[in-house]
Number of protein chains: 2
Amino acid sequence: MADGKGGLGPRGGETLLFLTDDQLRKGIEAMFFAYRGFTADPDRILDEYGYGRAHHRAIHFINRSPGTTVTNLLSILGVTKQSLNRVLRRLIEDGLVEARVGASDRRERNLHLTEEGQALERALSDAQTDRMRRAFRAAGPEAVAGFRAVLEEMMDPEQHRQYHRLSEAGR
Amino acid sequence: MADGKGGLGPRGGETLLFLTDDQLRKGIEAMFFAYRGFTADPDRILDEYGYGRAHHRAIHFINRSPGTTVTNLLSILGVTKQSLNRVLRRLIEDGLVEARVGASDRRERNLHLTEEGQALERALSDAQTDRMRRAFRAAGPEAVAGFRAVLEEMMDPEQHRQYHRLSEAGR
DNA sequence: TGGCAATGTCAACAACGCTGACGTAATCTC
DNA sequence: GAGATTACGTCAGCGTTGTTGACATTGCCA
């Protein structure tokens with residue numbers, strides 16, 4: 001077995017030829033290996049600072065939405081406040097992130113990257129986009145559109161909303 | 001280059017219109033959110049067993065290449081043997097994986113899923129492919145091709161080789 | 001003033017990476 | 001046949017990052 005070229009999908013019910021078990025399994029493995037590549041370059045940089053991916057994610061989204069609150073960051077990252085706080089505390093201690101008391105609501109903390117934080121963000125971002133740029137260029141514009149379309153469909157609805165909200169807020 | 005889409009990128013340097021900083025940043029975020037969705041369903045199942053993603057990966061690749069050795073699995077997963085051993089030991093204790101002494105080389109352990117292991121593999125695989133099937137169906141065949149093309153380009157060369165080796169071995 | 005929201009923090013725990021060190025059995029090489 | 005190498009297992013310890021639960025503070029709001 002293990003083919004599926006021709007005829008119906010092997011697991012009853014699937015009528016579209018391109019959705020064989022084999023195609024789906026390859027999709028799973030592609031995601032696994034690609035995600036490893038996707039994180040490999042920033043991981044090397046983070047290592048030098050003694051940081052991990054959690055720090056990267058915090059830095060990324062603070063840079064993306066300067067002035068964002070802790071609660072908002074919490075909902076984007078999908079972790080507990082204790083988990084985020086541990087990361088945030090260190091970034092603040094290290095002088096990469098600044099937490100300003102909210103102007104309208106003084107309970108809130110508006111998060112910003114410092115100069116140093118922005119420098120690290122750029123280094124991480126450059127490392128990651130370099131690989132993505134090469135991949136996009138090699139695959140071509142249409143492949144990129146397909147790539148994005150499939151990824152969007154793969155997100156949970158809530159995450160999909162977050163994803164689009166970021167773009168709007170970006171301007 | 002060689003594009004034809006015309007027009008320069010907004011942030012000097014990038015000559016291809018579809019490779020703006022914004023496109024690349026969206027690509028990064030799409031990967032982040034999509035990977036979360038990608039792992040969400042199996043994670044829920046694993047939780048019931050007290051297993052994590054490491055167990056899932058081991059089960060997946062043992063199922064994919066029955067009889068594979070520990071060393072081979074190590075190179076696919078890219079972790080240390082101590083790390084893999086902790087996971088493998090528990091799967092063997094729990095009766096999901098069987099480690100048979102190698103026939104030609106008795107130092108090797110040929111790994112197989114038991115009936116019970118196969119049952120869990122199917123449950124995990126079904127959960128994950130359901131989402132992927134819906135995403136593929138919604139995005140269409142051409143998007144799927146693009147998706148896979150970009151992911152392949154994003155892998156490290158070594159991982160890319162592993163990825164293709166799996167398909168060949170599958171039959 | 002009392003209730004709720006936003007935040008921070010202590011403590012404990014688990015999963016899963018890592019390094020380093022050792023031991024055993026089996027195979028390979030000279 | 002002796003010695004090197006390979007395959008595997010395991011002990012110990014450590015770090016990041018996730019979790020739950022509990023508690024305190026501050027500030028907004030009705």
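Computed on chain A, the Cα convex hull volume stands at 167 Å³ per residue. In region A:30-47, comparing the full protein assembly with the chain on its own, the residues that lose 20 Å² or more of accessible surface at a 1.4 Å probe are A:ALA30, A:MET31, A:PHE32, A:PHE33, A:ALA34, A:TYR35, A:ARG36, A:PHE38. Rolling a 1.4 Å probe across the protein heavy atoms gives chain A an accessible surface of 52 Å² per residue.
Here the sum of -39500 (n - 2.57) over DSSP H runs of 4 or more residues, divided by the residues of chain B, equals -22000 deg cm²/dmol at 222 nm, to the nearest 500.
The packing ranking, built from the mean of other Cβ atoms within 10 Å per residue, places the peptides B:70-82, A:144-156, B:18-30, B:119-131 in the order A:144-156, B:18-30, B:119-131, B:70-82, highest first.
The Rg/Rh ratio for the protein assembly as shown is 0.99, where Rg is the radius of gyration of the alpha carbons and Rh is the Kirkwood radius.
Taking 16 Å as the straight-line reach from the Cα of B:LYS81, the aspartates and glutamates in range (excluding those fewer than 8 positions away in the same chain) are B:GLU108.
Relative contact order for region A:19-139: what is it in percent, counting Cα pairs under 8 Å that are at least 6 residues apart?
On the way: 104 pairs, mean separation 34.5, N = 121.
The normalised contact order for region A:19-139 reaches 28 percent.
With the convex hull constructed from alpha-carbon coordinates only, region A:24-96 shows a mean projected area of 5.9 nm² over all directions. When the alpha carbon gyration tensor of region B:70-154 is reduced to an equivalent ellipsoid, the three semi-axes, largest first, read 33, 18, 11 Å.
The values are calculated or read from the model by the stated rules, or taken from the named source; none is laboratory data. Since this is a predicted model, take the numbers as computed values, not measurements. Neighbour counts are summed over all protein chains in view; Cβ atoms, including those assigned to glycine, are modelled from backbone coordinates with ideal geometry. Only protein heavy atoms, including side chains, enter the accessible area calculation; ligands, DNA and RNA are left aside. Shrake-Rupley method; radii C 1.70, N 1.55, O 1.52, S 1.80 Å.
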